[in-house]
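Nothing in this text is a laboratory measurement; each read-out follows from the coordinates by a stated rule. Not measured: the values here are computed from a predicted model. Neighbour counts run over all protein chains shown; Cβ positions are idealised from the backbone, glycine included.
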Amino acid sequence: MIRRITEADRELYYKYADIFYNSGVVNAPVPKENYKITFDEFMRSDDYVWCYIFECGGEPCGFAMLSRTFSQEAGGISVTVEEIYIDPEYRNRGMGTQFFQYMKENIPAARYRIEVEEDNEKAKRLYEKMGFEVLPYIQMVIDKHNAERRAKGE
């Protein structure tokens with residue numbers, strides 16, 4: 001089952017965010033205070049970001065976080081899968097496929113995006129199976145936390 005996150009899921013989200021950002025599938029952890037900022041935004045509105053909890057047999061087994069922007073390139077709304085995590089014991093049961101189908105059917109967009117670490121072959125195969133294509137360019141960012149660390153000489 002896939003359901004929207006609720007206030008009652010706060011600690012569950014913190015747990016999953018912490019696992020995700022320390023799992024090796026992302027290139028750097030995020031400050032834990034960002035979990036609260038993000039969760040508070042889930043509860044405030046769905047203007048920019050929203051979250052889904054995955055359940056198997058009534059038990060939580062993962063989550064996904066999506067964000068929304070407008071893309072002139074795509075000609076409309078672009079939805080980015082910011083995070084997707086499934087507990088190891090529930091992987092290879094179709095939950096990822098089920099979520100991507102749910103997303104396409106229930107969250108209309110001109111473009112769907114996802115990032116994946118280059119060496120995460122299993123995830124890349126799933127994403128390609130779901131219709132995602134590799135983009136031929138590099139993304140660049142100015143990240144507030146990294147800029148602050150550089151300014152301090154860290």
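Summary table below
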| item | result |
| --- | --- |
| Around I77: net Lys/Arg minus Asp/Glu count, Cβ-Cβ under 9 Å | +2 |
| GNM result for the chain, Cα springs below 10 Å: residue of Q139, Q72, Q101 fluctuating most strongly | Q139 |
| Formal net charge of residues neighbouring K122 (Cβ-Cβ distance under 13 Å; K, R +1; D, E -1) | -1 |
| Extension reserve of the K104-D87 stretch, reckoned as 0.36 nm per residue once the Cα distance is removed | 3.9 nm |
| Distant alpha-carbon pairs in segment 4-81 (separation over 20 angstrom), percent | 37 percent |
| Lys pairs under 25 Å by Cα in the chain, provided they are eight or more residues apart or on distinct chains | 13 |
| Selected from R113, R68, R91 as most flexible by GNM, with the chain as the system and alpha-carbon contacts under 10 Å | R91 |
| R0 of 30 Å, Cβ-Cβ distance R3-E148: FRET efficiency to nearest 0.05 | 0.25 |
| Where chymotrypsin sites (Phe, Trp or Tyr not before Pro) fall in DSSP loop in segment 81-133, at most 11 other Cβ within 10 Å | none |
| Cα→Cβ-extended label distance, 7 Å offset, between Y48 and K32, nm | 2.4 nm |
| Cα extents of the chain along the three principal axes, largest first (Å) | 49, 36, 33 |
| Net lengthening on full extension, K124/S23 (0.36 nm per residue, minus Cα-Cα) | 34.7 nm |
| Segment V141-F70, extension gain: residue separation times 0.36 nm, minus the distance between their alpha carbons | 23.8 nm |
